[in-house]
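This report refers to the structure that appears directly beneath it.
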Amino acid sequence: MQSLHSSVSSDTKRLRLAVLVSGGGTNLQAMLDRSRENTLDAEVVVVASDRNDAYGLVRARNAGVPAHVVSYGWQDGAEPAPVLPGGASCAVDLEELDRRQRIIFHPDRGKRLEKLEKLVRAEERLIALLDRYEPDYVCLAGYMRLLSPFFLDHCNRGGEYRVINIHPALLPSFPGGNGYEDTFGYGCKWGGVTVHFVDEGEDSGPIIAQAAYPIFPMDGIEEVRRRGLQLEYAVYSQCINWLARGQAQIRRPPGRRAHVFISDPSYPEILRGWVEMAL
Ligand code: GRF
């Protein structure tokens, strides 16, 4: 991910995106469409999935974008050889990663390290693949895997966040894999979507943008999901455009968590558009 180091200037730059998917890939499709229509200041240069049956792979190939599967299992039952130059097995300090990670909570330290090692081995393969395409950002779009500090360190060199995610709930409410179901099941009257940078926890990184939609009394989970997904496509592409234009900056106020400052003068109109879309 060599080009991850290049900082985005205040001029618009067409970003190179690596998109990770595990499923249907409608967010990916929205990116591909908007990129082709030139309403996204980015192009998808590679798509990768942990599942060979992910329909997102088909969407990528249909659009002429290279699509790959990176397995998370031990291959052939044997320990896979490290693929990073120099042999990452020597370079990875699992104990140090374990101190920093907030995604694997097994109480037994040995079991935790075992899971972490398995994850890191898969991430080595993913990194080796993505690096070939020199992406500026890695976009998670329905990727059902959590990323370890090993992967994030590789992407975030230079101290900038370079991995972003779309989550189908108004974080910090309802993190995890069932944002729509959890929002609906709780009886919320409004749901929402969040685009955020990825940090070492689950759905806990700095929020770039959020948008909300109403949940009406007669709605079922399918209406909720449909309304939410329409917003997801709009919010995700807007966030990518802000990043491309240098209009989303991380601020780290002393003693407070990092947050994202959007400097786009059209911000109020954009939010108004999302509210109108949701109603
Ligand atoms: C979306 O709801 C996204 O927010 C979540 O996973 C879902 C992926 O949908 N992370 P799709 O594969 O983009 O259709």
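Around His259, what is the net charge, scoring Lys/Arg as +1 and Asp/Glu as -1 over all other residues with Cβ under 10 Å from its Cβ? Charge balance in the 10 Å sphere: +4.
Note on Cys139: accessible area is roughly 0 Å² with a 1.4 Å probe, heavy atoms of protein only. The stretch between Arg251 and Ala91 holds 54.5 nm of extra length on full extension. This uses 0.36 nm per residue minus the Cα-Cα distance. Accessible surface of the stretch 95-135, 1.4 Å probe: 47 percent of it comes from carbon and sulfur atoms.
The figure for Glu269 is an accessible area of roughly 110 square angstrom, using a 1.4 Å probe on the protein chains alone.
Distance from the alpha carbon centroid of the stretch 124-157 to that of the stretch 47-69 works out to 16 angstrom.
Residues whose amide H comes within less than 5 Å of that of Ser22, counting only those at least five positions distant or on another chain, are Tyr143, Met144 (H built at 1.01 Å from N in the peptide plane).
For the stretch 247-258, backbone phi angles converted through the Karplus equation (6.51, -1.76, 1.60; θ = phi - 60°) give residue-by-residue couplings of 9, 10, 10, 7, 10, 10, x, x, x, 10, 5, 4 Hz, Gly and Pro being listed as x.
Using amide H atoms built in the peptide plane, which far-off residues or other-chain residues are under 5 Å from Gly192 H to H? Placed amide hydrogens put Leu170, Tyr213 under 5 Å from Gly192. Distance between the 7 Å Cα→Cβ label points at Leu113 and Tyr72: 2.2 nm. Per-residue extension of 0.36 nm, minus the Cα-Cα distance of Glu43 and Phe105, leaves a gain of 18.7 nm for this segment. Axis of helix 267-278 versus longest Cα principal axis of the chain: the two differ by about 80°, to the nearest ten degrees. Our coupling estimate for the stretch 116-125, obtained by passing each phi through the Karplus curve with A = 6.51, B = -1.76, C = 1.60 and θ = phi - 60°, is 5, 5, 4, 5, 4, 4, 5, 5, 4, 5 Hz, Gly and Pro reported as x. Computed over protein heavy atoms with a 1.4 Å probe, the carbon and sulfur contribution to the accessible area of the stretch 143-279 reaches 55%. The accessible-area ordering, largest first, of the residues Met144, Met31 stands as Met144, Met31, per a 1.4 angstrom probe. Just to confirm the filter: which trypsin sites (Lys or Arg not before Pro) across the stretch 195-279 are DSSP coil and have at most 16 other Cβ within 10 angstrom of their Cβ? Loop-located and lightly packed - Arg256, Arg257. Heavy-atom accessible area, probed at 1.4 angstrom with all protein chains present, ranks Lys118, Lys189, Lys111 as Lys189, Lys111, Lys118, highest first.
Probing with 1.4 Å while keeping every protein chain in the model, the per residue accessible area of the stretch 152-212 equals 38 Å².
Helical runs assigned H by DSSP (4 residues or longer) give the chain a calculated mean residue ellipticity at 222 nm of -11500 deg cm²/dmol, each run adding -39500 (n - 2.57) before division by the residue total.
The values are calculated or read from the model by the stated rules, or taken from the named source; none is laboratory data. Just so we're clear, the structure is a prediction, and the values are computed from it rather than from any experiment. Methodologically, a virtual Cβ is constructed for each residue, glycine included, from the backbone with ideal geometry; neighbour enumeration extends over all protein chains shown. Surface areas here come from the heavy atoms of the whole protein model, side chains and all, with no ligands, DNA or RNA. Shrake-Rupley method; radii C 1.70, N 1.55, O 1.52, S 1.80 Å.
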